[in-house]
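The values are calculated or read from the model by the stated rules, or taken from the named source; none is laboratory data. Keep in mind that what you see is a predicted model, and the values were worked out from it rather than measured. Note that each Cβ is placed from the backbone with ideal geometry, even for glycine, and that neighbours are counted across all protein chains shown.
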Amino acid sequence: MKNRKIFVKTFKPQAVSICLSLIICILIITLVFIFFYRNENIKPPIEIDNEQLISFQTNNYPIWEAELHTHSPSEISRVIAIQKGDNLMGVLIRAGVERGLAYAAIEALKKYYDPRRDLNIGDELQISFYPQTRYQKANKFGRIKRKYSLKSVTIPVSFDRLVKVTLSQEGKFEANEAKRNIRRETIAVSGIIKSNLFVDATSVGVSPTILAKLIRIYSFDIDFQRDLWEGDKFELMYEQIRNEKGIIIRDGYIHYAKLTLRNTKLPLYRYVTSSGNLDYFNEKGNSARKTLMLTPIDGARLSSRFGKRKHPILGYTKMHMGIDFAAPIGTPIYAAGNGSIIKAGRNGGYGKYILIRHNSTYKTAYGHLSKFAKKTRVGNRVKQGEIIGYVGNTGRSTGPHLHYEVIQNGRKINPRTVRIPSGEKLKGAELQTFILFRDTLTKKFSNLKQIKNSSFKENN
């Protein structure tokens, strides 16, 4: 009995040691197997098609590791589309760029590009990786494992410009700007007003962007809510910009436009004077631009005129010292002319209010805004057509609209009947140069229309 007790006491520590050793061995073998199995299955990054606007998700490897055969390694490029919530550092790290390299590349970019300001949803980043040959080693099957590191990042900055940061031979990232491969195309269209300008212009292919530009250049003389009648005509020659795939990426300038209102022809030509002034001029060389715009808002309905009316809130007849334009909340409001902001803030029944002094004679006022533009501050200068605020329903108001006033020598006058001084008038040699340019544009429009009509007949 005594010998049995001694045997049990000596056996237990030995058994425990043996079991622990077996467990440790099994764990080591398992970890080694997992390590080699993972390395065998790492694949090189797959290139994403430019047309696939999807975000690429991947494991965060500091350097890309891939299996290739023994032939010469090549660079790997991929395109990643920016989505909501993305930032440049996060996108690069998700794509497999080491954090330190991503930081160095972004720092080099800052000379031409601000990632916090310029990175937009839908931007397509092209990221290139190069194989690091010093990491080459063959596995038991004769394959070579290569590690990939960041070589370059190309980012679009605008429709015609991009910025690229590249790793130099000295191992530093260097940034430079380059032009994008774009094609400019001149488009000529014409039509007759049957319903309204928006419907009839878009039916012949005019984009809302070009239509807004058309309204703006005629906004000094024409009320598009009242002056356009059924049967009136329009002509347009403008620029479209396409990318290397032929896709329209931007609408350019309107070079020529003509509205025919009850047999009255109103042509305008985009022209740069010898002094560098760019403007739209009529056939006589007179600028379409005037001291004040007739309508400081696009696509709005005239909902209340200047004069006596029964006030919709107060309930009694009161002089309405301006005109009202009904429009959805958030519709942009433009400065009617060049000038200085002398008031921007709350103003009683006007709600959020802006007052601009244009010269010693004229001021304009804008009431019931929802918010101000970023640069709308007392003392700041504004240019004609610059966005100063947005339509709202603040103050004494029954619905979203802009209340617009024109003040002449301290007296509020009817904005619809005020005689506003004209802009520049071309004379002498400048006028002769303009006339030649005008005739060239008119001829170009006619030729484009003939080509378009011939093509239409052949296809039908």
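What about Arg416, is it touching a helix residue (DSSP H, G or I) at 6+ places or on another chain (Cβ under 9 Å), surrounded by fewer than 20 Cβ atoms within 10 Å (Cβ to Cβ), under 25 Å from Met319 (Cα atoms) and touching a residue at least 12 places away in the same chain (Cβ under 8 Å)?
no
Every residue in the range 240-262 that is charged (D, E, K, R) and in contact with a strand residue (DSSP E or B) (Cβ under 7 Å, 6 or more places away or on another chain), please.
Residues of the range 240-262 that are charged (D, E, K, R), as a first pass: 242, 244-245, 250-251, 258, 262.
Scanning the range 240-262 gives Arg242, Arg250, Asp251, Lys258.
In the range 75-110, which residues are in a loop (DSSP other than H, G, I, E, B), under 16 Å from Lys172 (Cα atoms) and of a type in the set (A, V, I, L, M)?
Hit for the range 75-110 is Val97, nothing else.
Got at least one residue in the range 221-239 being among the aromatic types (Phe, Trp, Tyr), touching a strand residue (DSSP E or B) at 6+ places or on another chain (Cβ under 9 Å) and assigned to a loop (DSSP other than H, G, I, E, B)? Among the residues of the range 221-239, at least one is among the aromatic types (Phe, Trp, Tyr), touching a strand residue (DSSP E or B) at 6+ places or on another chain (Cβ under 9 Å) and assigned to a loop (DSSP other than H, G, I, E, B), which makes the answer yes. The set of residues from the range 151-190 being among the polar types (S, T, N, Q) and in contact (Cβ under 8 Å) with a residue 60 or more places away in the chain comprises Asn176, Asn181, Thr186, Ser190.
Of all residues in the range 372-390, count the ones that are in a strand (DSSP E or B) and either modelled with pLDDT of 95 or more or among the β-branched types (Val, Ile, Thr) (or both). If you could, list the steps in order and put the result at the bottom.
Of the residues in the range 372-390, the ones in a strand (DSSP E or B) are 372, 381-382, 387-390.
Remaining after also requiring either modelled with pLDDT of 95 or more or among the β-branched types (Val, Ile, Thr) (or both): 372, 382, 387-390.
Total satisfying the criteria: 6.
Please go through the range 247-305 and pick out each residue that is in contact with a Leu (Cβ under 8 Å, 6 or more places away or on another chain) and in a loop (DSSP other than H, G, I, E, B). The answer is Thr273, Asn282, Gly285, Ala288, Pro296, Ala300. Considering the range 318-370, and only residues there that are touching a helix residue (DSSP H, G or I) at 6+ places or on another chain (Cβ under 9 Å) and touching a residue at least 40 places away in the same chain (Cβ under 8 Å), the residue that is nearest to Ile297 (Cα to Cα) turns out to be Tyr334.
Every residue, every condition in (1) touching a Lys or Arg at 6+ places or on another chain (Cβ under 8 Å); (2) in contact (Cβ under 8 Å) with a residue 60 or more places away in the chain, yes or no:
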| site | (1), (2) |
| --- | --- |
| Lys375 | no, no |
| Gly379 | no, no |
| Val382 | yes, no |
| Tyr390 | yes, yes |
| Gly399 | no, yes |
| Tyr404 | no, yes |
| Ile407 | yes, no |
| Lys412 | no, yes |
